[in-house]
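Take a look at the structure set out below.
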Amino acid sequence: AHSLSQPIMASRKVCCFFLWLNQLGRSTCGQCDERLFCNCSSRNYRRVPTVTVTKVVTLDLSFNDITTVAEDDLREYTWLQTLDLRSNRIKSIHEWAFHLLQSLDLSYNQLAALTPAWFSKLLSLQHLNLLGNCYRTLGPGGTLSLFRYVTCKAGSQNAPKSQSSMYVMPCPTSHLLTQLEYLDLSGNLLTDLTLTESLCHGDGTLRNLRVLNVSDNALKSLSLISKLVTRLDKLVHLDISQNGYTSMPPTCSWPQTLTHLNVSGAKLRRVSPCLPLTLEILDLGHNDLTAFHSVALPALRELHLSGNKLMHLPPGWLFPSLEVLLIQSNTLNMFGPVDLQLYRRLRALQAGQNRFVCSCEFVYFMVWRWGGAVEGSVELTDRWDNYLCDSPLPLQGQRVDRVRLSPFQCHRILLVSALCGCTLAAGTLFVILLWKLHAVWYLRMMWAWLKAKRKAGNQRRRDAAGNAEPLCYDAFVSYSEQDAEWVEEFLVPELENSQPPLSLCLHKRDFLPGHWIIDNIINAMERSRRTLFVLSEHFVHSEWCRYGFILSCLTTIREYFSGSTIIH
């Protein structure tokens, strides 16, 4: 027994010796916390360092100068679950370097090929990032057969821009991807043909794929993409942004499970019923869309339309379930309560960086709706600094919530209407007052008197020249109609039958029909030597008798100059 134990002890000593040699030249990272997380990033390590704690769950070694991962570099990390080695200069990894990891990031290194042995002990691996390396394939058969979530962007960094250098993997390996759920093929200049050859297999190779990212490639046909992903009957998230298509076909075929579609950064000018009705999140940002009014998406909850050329909000009735709308950096002039009322469930809106016309209605709506006056169900989730006036010119560049418009600018029609109403009311009251005070009659009487005065002046000139007109009556009798019986039966016979008889002017008998009564009164006074007023209680209460009396008072002045007399 003693002789057998000696080789064993010797072997242990040799192992310890090699471990001790391996520790030589390795740095120590002491940036560990109570959560068993060690942040050893950006410290210029050339080898995997040691740590000061015995149990490490998460180790961040990103942005260092590590070139190789040896067999024993990670042996002491027995609790390690997450290892981040991105952005180093790793060219080689020992076959047995990794143990029991759940998340491994090898992106942006200098790996030329993938070795299946690296992953042979990673039976619990769920997340693997292989982006930004130099390999042209994802390794021989069996390399990815155990993975559930894999990011496998594998385009050559040195490939010419004129052609694609992306090969997903050889066909003999494709049948081993049945458990793959996440696939990232972005930024590889893929063409339609490459994508078709890589993924369009009828054997259900990617039947469990849930997330597919083929953004930033050279794809040009939405129709071909839809035909391709139709076979992925568990696909939930599809990113086909930043590609070269300019139009959307009238109809497309999509998986019934697709809920998230990103078609941003293309050159689409219009949308069509090609969009799947099952979408819950749709990103059409940074295209050339000028309108969005032809497609109803009943399940859509989030819509991204920033960076287009839309002049109006899309009709809300097309999206009965919409909760979030992003429509920044378009050519919107304004929107109002009628537009938002059509969105029955909208709770978040971003509409800044547009060309707003700061009319009274828009400014009042924005300040009243989101300036703190009322609480509403829709919230502006971007800053007020993004809401600037583009016109009118005096307000250009001002924040919408700080614009102050005068009442005359905002209520011009109301003010003009009120002014016209007040003017009309004042005019009506003035006319009524004139009518009550008989001002019109007085004005006309004054005009008639002035004409009579002028006529009197002409009469004096004719008298001086010997061409005076003879007087027709001895007296003009002015009386109330209530006293007509006494005047006609007593006064007139008495005067006209006197010796010598007098010629009287009576309105019933001698006034010219069709002439204004004031003109008749003035003519009667002018053609009579005297004016006789029959004063009585009825005379005092008679309107026309009072007018005649007042007119006679005015005529007194004229008669003074003409030499006539007035009998009262």
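The values are calculated or read from the model by the stated rules, or taken from the named source; none is laboratory data. Just so it is clear, the structure is predicted and the values come from calculations on it, not from any experiment. A quick note on method: Cβ atoms are made from the backbone with ideal geometry, for glycine too, and the neighbour counts reach across all protein chains shown. These area figures cover heavy atoms from the full protein model, side chains too; ligands, DNA and RNA do not enter into them. Shrake-Rupley method; radii C 1.70, N 1.55, O 1.52, S 1.80 Å.
So if each residue of separation counts as 0.36 nm, and I subtract the Cα-Cα distance between Arg210 and Glu489, what length gain in nm does that give?
This chain segment gains 88.1 nm when fully extended.
Once phi is turned into ³J(HN,Hα) by the Karplus curve 6.51 cos²θ - 1.76 cosθ + 1.60 with θ = phi - 60°, what whole-Hz value does each residue of the stretch 384-397 show in order, with x for glycine and proline?
Each residue of the stretch 384-397 in turn: 5, 5, 7, 9, 10, 6, 9, 7, x, 4, x, 9, 4, x Hz.
When we measure straight from the Cα of Lys121, which aspartates and glutamates land under 18 angstrom away, once same-chain ones fewer than 8 places off are left out?
Cα-Cα hits under 18 Å: Glu71, Asp72, Asp73, Glu76, Asp84, Glu95, Asp105.
Assuming 0.36 nm per residue, please report the length gained on full extension of the stretch Leu393 to Cys420 beyond their Cα-Cα distance.
Fully extending the segment from Leu393 to Cys420 adds 6.7 nm.
Apply 1/(1 + (r/R0)^6) to the Cβ-Cβ distance of Arg270 and Ala113, taking R0 = 41 Å, and write down the FRET efficiency to the nearest 0.05.
The value I calculate is 0.35.
At 1.4 Å probe size, with every protein chain present, just tell me what the per residue accessible area of the stretch 282-325 comes to in Å².
37 Å²
Any idea how far the Cα center of the stretch 252-296 sits from the one of the stretch 404-440, in Å?
57 Å
By its C-alpha gyration tensor, with a ≥ b ≥ c as the square roots of the eigenvalues, how is the stretch 279-381 shaped: rounded for a/c under 1.5, else prolate for a/b larger than b/c, else oblate? List each step's numbers first, then the result.
Values: a/c = 1.88, a/b = 1.27, b/c = 1.48.
Oblate, because a/c is 1.5 or more while a/b does not exceed b/c.
Would you please state which residues of the stretch 313-353 a label at Trp384 would reach in this model, taking the label point 7 Å out along Cα→Cβ and a backbone N cut-off of under 16 Å?
Hits in the stretch 313-353 for Trp384 at 16 Å: 351-353.
Which of the peptides 282-289, 247-254 is most tightly packed, and how do the rest follow, going by the mean number of other Cβ atoms within 10 Å of each residue?
282-289, 247-254
Probe radius 1.4 Å, ligands and nucleic acids ignored: give me the carbon and sulfur share of the accessible area of the stretch 465-544 as a rounded percent. Let's see the in-between values first.
Details: 2560 of 4850 Å².
Of all accessible area on the stretch 465-544, carbon and sulfur atoms account for 53 percent.
Can you list the residues, at least 5 places off or on another chain, whose amide H is less than 5 Å from the amide H of Ser92, using H built in the peptide plane?
Val69
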